[in-house]
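Data first, discussion second: the structure below is written as structure tokens.
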Amino acid sequence: MSDADATADEGGGDGPRDCLPADVDAVRDALVSWYEDDHRSFPWRETTDAYEILVSEVMSQQTQLERVETAWREFLDRWPTVHDLAAAERGDVVGFWTGHSLGYNNRARYLHEAARQVVEGAVGPSDRPHGAGETGGGDGEFPEEPAELAELMGVGPYTANAVASFAFNNGNAVVDTNVKRVLYRAFDVPDDDEAFAVVAGALMPDGESRVWNNAMMELGGVACEKVPSCDEAGCPWRRWCHAYETGDFTAPDVPTQPEFEGSRRQMRGRVVKALSNHDELPLDTLGPKVRVDYTPDGEHGREWLRALVADLAGDGLAELEERDGETVARLR
DNA sequence: CTCCTGTGAA
DNA sequence: TTCACAGGAG
């Protein structure tokens, strides 16, 4: 159970680390520069207050960021500090939650309970080591270690790392579904939680969790979404990205394909919509915008797409052109 | 591991 | 009306 088992690796000898690009530093710099150059601004990116960060994270788990913004401001307006929240009536907190359509009102209960834990000093290293008296103890200070934050009700690994990172610049690499998608596409990391954790951790520059986790989430949010926008978003990882190279933008979390999905009519609509935003697109660039499970050589791949666009061309809506060995599509 | 939650999209 | 979502609890 020591580190000796590191040598007793699996027979193949290729671990998740083999997914890492050779020039990790260049990869890191590219992402951080891209993020710092321009990113969405959210009010919780302007604070390092752990309580405020925690509230934003809990709200973000279930609600689109746009609506979270309003709710977050009003929540903090009503309960500005962790002490205020701890002293609140549970019913008021839950009432606020439902009143703002924040979903899962259990999360409101958890948040309220977490506030009490902090105020009572029920978490952290100074988990009342000396008999500090029953009434004192907690000073309302949040612990700064992810493992201690995770003791808070409603705070799991994800939220713990997010708070540790954004409040204290003291987190590990955040691994959520967006990060998984990015790593899966960019570095061909296998769809395996352990692999994601290892690669995410190895990529993150030491002691830079705040900017790094912000940048990774930004990347997944505005460039490497389910339907990717590599060029539109100026993705900083295009030169290393496995998916960008192969045109296979499948993601670990997208195999769901409801009945109404996949109809030819819907696919035609997507082609037209995608093309209307561009003068022209190579088939392999158009593909992922039409089907998230597009792979050039897959069942719904390049030839499938070529036929689809050819149909549109037959209807006088689009046209195909061969150029330098690749096919581009455009509207007519 | 299974289950759960409220919302919005299909 | 069903169901995906996305974390966390138990």
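The values are calculated or read from the model by the stated rules, or taken from the named source; none is laboratory data. None of these values were measured; they are calculated from a predicted model. Please note: Cβ atoms are built from the backbone with ideal geometry, for glycine as well, and neighbour counts cover all protein chains shown. Each accessible area value is taken on the protein alone, full model and side chains, heavy atoms only, with ligands, DNA and RNA left out. Shrake-Rupley method; radii C 1.70, N 1.55, O 1.52, S 1.80 Å.
For region A:40-70, a residue qualifies if it is more than 16 Å from DNA strand B (Cβ to nearest atom) and either touching a strand residue (DSSP E or B) at 6+ places or on another chain (Cβ under 9 Å) or part of a helix (DSSP H, G or I) (or both), and the qualifying residues are A:PRO43, A:TRP44, A:ARG45, A:ALA50, A:TYR51, A:GLU52, A:ILE53, A:LEU54, A:VAL55, A:SER56. If you go through region A:80-92 and keep only what is buried (at least 16 other Cβ atoms within 10 Å of the Cβ) and in contact with a His (Cβ under 9 Å, 6 or more places away or on another chain), you end up with A:LEU85, A:ALA86, A:ALA88.
How about region A:36-87: which of its residues are more than 17 Å from the chain's Cα centre (by Cα), farther than 15 Å from A:ARG107 by Cα and among the small types (Gly, Ala, Ser)? Within region A:36-87, A:ALA50, A:ALA87 meet the criteria.
All of A:LEU85, A:LEU111 fail the test of being hydrophobic (A, V, I, L, M, F, W, C), within 15 Å of DNA strand C (Cβ to nearest atom) and assigned to a helix (DSSP H, G or I), apart from A:LEU111.
Listed conditions (1) away from DNA strand C (no atom under 16 Å from the Cβ); (2) touching a Lys or Arg at 6+ places or on another chain (Cβ under 8 Å); (3) closer than 17 Å to A:MET153 by Cβ are all met by A:PHE96, apart from (3).
Condition check for A:ARG291 on (1) in contact with a His (Cβ under 6 Å, 6 or more places away or on another chain); (2) farther than 19 Å from A:LYS226 by Cα: one failure, at (2).
There is at least one residue in region A:268-286 that is in contact with a helix residue (DSSP H, G or I) (Cβ under 7 Å, 6 or more places away or on another chain), open to solvent by 30 Å² or more (accessible area, probe 1.4 Å) and of a type in the set (Asp, Glu). Residues being without any contact (Cβ under 8 Å) to a residue 60 or more places away in the chain, within 16 Å of DNA strand B (Cβ to nearest atom), in a helix (DSSP H, G or I) and aliphatic (A, V, I, L, M) are represented in region A:188-202 by at least one member. In region A:11-34, the qualifying residues are those that are more than 27 Å from A:VAL222 (Cβ to Cβ) and assigned to a loop (DSSP other than H, G, I, E, B), and the one that is modelled with the highest pLDDT is A:GLY15. Hey, does region A:35-43 have a residue that's modelled with pLDDT of 60 or more and crowded, with 17+ Cβ neighbours inside 10 Å? Checking region A:35-43: at least one residue is modelled with pLDDT of 60 or more and crowded, with 17+ Cβ neighbours inside 10 Å. Restricting A:GLU145, A:GLU208, A:GLU232, A:GLU151 to those that are without any contact (Cβ under 8 Å) to a residue 12 or more places away in the chain and open to solvent by 50 Å² or more (accessible area, probe 1.4 Å) reduces the list to A:GLU232. Of the residues making up region A:114-134, those that are modelled with pLDDT of 60 or more, in a loop (DSSP other than H, G, I, E, B) and not β-branched (Val, Ile, Thr) are A:GLU120, A:GLY121, A:ALA122, A:GLY124, A:PRO125. For region A:308-332, residues that are over 11 Å from A:LEU275 (Cα atoms) and open to solvent by 50 Å² or more (accessible area, probe 1.4 Å) total 10.
Go through the residues of region A:305-313 one by one and say whether even a single one is modelled with pLDDT of 90 or more, under 25 Å from A:GLU225 (Cα atoms) and of a type in the set (Val, Ile, Thr). The answer is yes, given that some residue of region A:305-313 is modelled with pLDDT of 90 or more, under 25 Å from A:GLU225 (Cα atoms) and of a type in the set (Val, Ile, Thr).
Scan region A:44-67 for residues that are touching a residue at least 24 places away in the same chain (Cβ under 8 Å), surrounded by 15 or more Cβ atoms within 10 Å (Cβ to Cβ) and within 11 Å of A:LEU102 (Cβ to Cβ) and the total you get is 5. Filtering region A:176-205 to residues that are open to solvent by 10 Å² or more (accessible area, probe 1.4 Å) and of a type in the set (Phe, Trp, Tyr) leaves A:TYR184, A:PHE187.
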